[in-house]
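The values are calculated or read from the model by the stated rules, or taken from the named source; none is laboratory data. These figures come from a predicted structure and were not determined experimentally. Glycine gets a Cβ as well: all are built from the backbone with ideal geometry, and neighbour counts include every protein chain shown.
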Ligand SMILES: *Cc1c(COP(=O)(O)O)cnc(C)c1O
């Protein structure tokens, strides 16, 4: 079947909860993807950072194959050989005490919310059923009903109530607003260190540090959602590291699975995650040996290939080259590491048409909201490949 037929099938039988670019991927290798017509594209989105290691990294594929030949899923009714070592290695990588494995990012966020509420009742003494969590405007933490309950994006939320109570939303980047929203019942502050889906929004300098201090001062937990920003994406292991901030809990996902398998986790303080009792929380596939084996190797590859350092170095270069592009439509180029947003003025007519033009030239990226193009290539990308991508962006920006 050709692209058209495959797209028609997806449209005919699939719910239309996405609006993908009209391209059908058949294969991927490293930083490249191929469509069914044999055209080659440079992947400048990386599955929203899940492909930080690139497509089918040989060591990750080998780890998956080796594990496929042993055992794939066991359920948590039994132990398996991979989970214990994975959790230890993940805690060491994150410099933290305990971890709880799940599969998707939204599940990790749900887990963190449950952990914070439990801590509020058991450790802080908040009356049961009264715990509050402070979240930020324009957040993105996933798609469950509870998570969209504190979304400020009408599209994500409006048709899906009734909503889960217990959340307060304050403007992102405003530490004083967080402090003002704290009550005796506040359990946690949930924050993205950089807002990805909102358009690669960086908070003002010192924000994370201030939020950390506020949380400590009021005996409130700081939960950082590092699902998109973690594992080197922003040029440090975690985006909170840019301000030397240590959250009490972190939600992790995306790149943790090496682009091979969905693996997520909540990591953090033992006195919080240690409160879960058997039966209170879980997931059939969470901690399965296949996912754990892949994630262990994903962490090792990050280290061995110095992907975090590469992200910092190559990201700075990319941002500088993009900022040099002379185009009246470009309002701002911003980001950290290989996580860069190009915001266009409204007169540009939306980011989508630029993404389509880049696709025609063999560069795949995606608009986020209307006016931002997000660039997040695999962290394995070379300087030459980046230079080629910048050429395409320049030519599209100048031509349109
Ligand atoms: C992608 C993302 C999520 C949700 O992850 P899923 O695996 O899609 O459920 C949550 N938080 C942030 C910051 C994300 O980027």
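Assess whether residue 260 counts as being closer than 13 Å to residue 90 by Cβ and either assigned by TED's automatic domain parsing to the domain that holds residue 216 or surrounded by 24 or more Cβ atoms within 10 Å (Cβ to Cβ) (or both). Walk me through it before giving the result.
Values: closer than 13 Å to residue 90 by Cβ: no; either assigned by TED's automatic domain parsing to the domain that holds residue 216 or surrounded by 24 or more Cβ atoms within 10 Å (Cβ to Cβ) (or both): yes.
When the stated conditions are applied, residue 260 does not pass them.
I need the full set of residues from segment 208-237 which are away from the ligand (no atom under 16 Å from the Cβ), out of contact with any strand residue (DSSP E or B) (no Cβ under 7 Å at 6 or more places or on another chain) and in a helix (DSSP H, G or I), in order please.
209, 210, 213, 214, 216, 217
May I ask you to list pairs of residues, at least six apart or on different chains, whose Cβ atoms are under 7 Å apart, with the first in segment 102-120 being over 21 Å from residue 229 (Cα atoms) and the second being away from the ligand (no atom under 16 Å from the Cβ) and assigned to a helix (DSSP H, G or I)?
Pairs found: 115/272; 115/273; 119/272.
Being under 21 Å from the mean Cα position of the chain (by Cα) and free of Cβ contacts under 8 Å to residues at least 60 places away in the same chain is the filter here; which residues of segment 314-350 pass it? Walk me through it before giving the result.
Of segment 314-350, the ones under 21 Å from the mean Cα position of the chain (by Cα) are 314-316, 318-319, 333-343.
Listed by number, the residues that qualify are 319, 333, 342.
Only residues that are assigned to a helix (DSSP H, G or I) and within 16 Å of residue 377 (Cβ to Cβ): list them for segment 34-85, please. It would help to see each step written out before you state the result.
Step one: list which residues in segment 34-85 are assigned to a helix (DSSP H, G or I), which gives 46-49, 58-68, 83-85.
Within segment 34-85, 46, 47, 48, 49 meet the criteria.
Would you mind telling me which numbered condition in (1) outside any strand (DSSP E or B); (2) in contact (Cβ under 8 Å) with a residue 40 or more places away in the chain; (3) crowded, with 16+ Cβ neighbours inside 10 Å residue 188 fails?
Unmet for residue 188, out of (1) outside any strand (DSSP E or B); (2) in contact (Cβ under 8 Å) with a residue 40 or more places away in the chain; (3) crowded, with 16+ Cβ neighbours inside 10 Å: (1).
Among the strands (runs of 3 or more DSSP E) contained in segment 337-400, which hold 1 or more residues that are at pLDDT below 95?
Details: elements: 339-344, 366-368, 372-375.
Ranges flagged: 366-368.
Quickly run through segment 125-154 and pick out the residues that are out of contact with any strand residue (DSSP E or B) (no Cβ under 7 Å at 6 or more places or on another chain) and either at pLDDT below 95 or more than 16 Å from the ligand (Cβ to nearest atom) (or both).
125, 127, 128, 129, 130, 154 - these are the residues of segment 125-154 that are out of contact with any strand residue (DSSP E or B) (no Cβ under 7 Å at 6 or more places or on another chain) and either at pLDDT below 95 or more than 16 Å from the ligand (Cβ to nearest atom) (or both).
Picking from 198, 187, 224, 210, which residue would you name as being under 20 Å from residue 95 (Cβ atoms) and in the same structural domain as residue 132 (by TED's automatic domain parsing)? Show your work before the answer.
Numbers: 198 fails: under 20 Å from residue 95 (Cβ atoms); 187 fails: under 20 Å from residue 95 (Cβ atoms); 210 fails: under 20 Å from residue 95 (Cβ atoms).
Within the list 198, 187, 224, 210, the selection yields 224.
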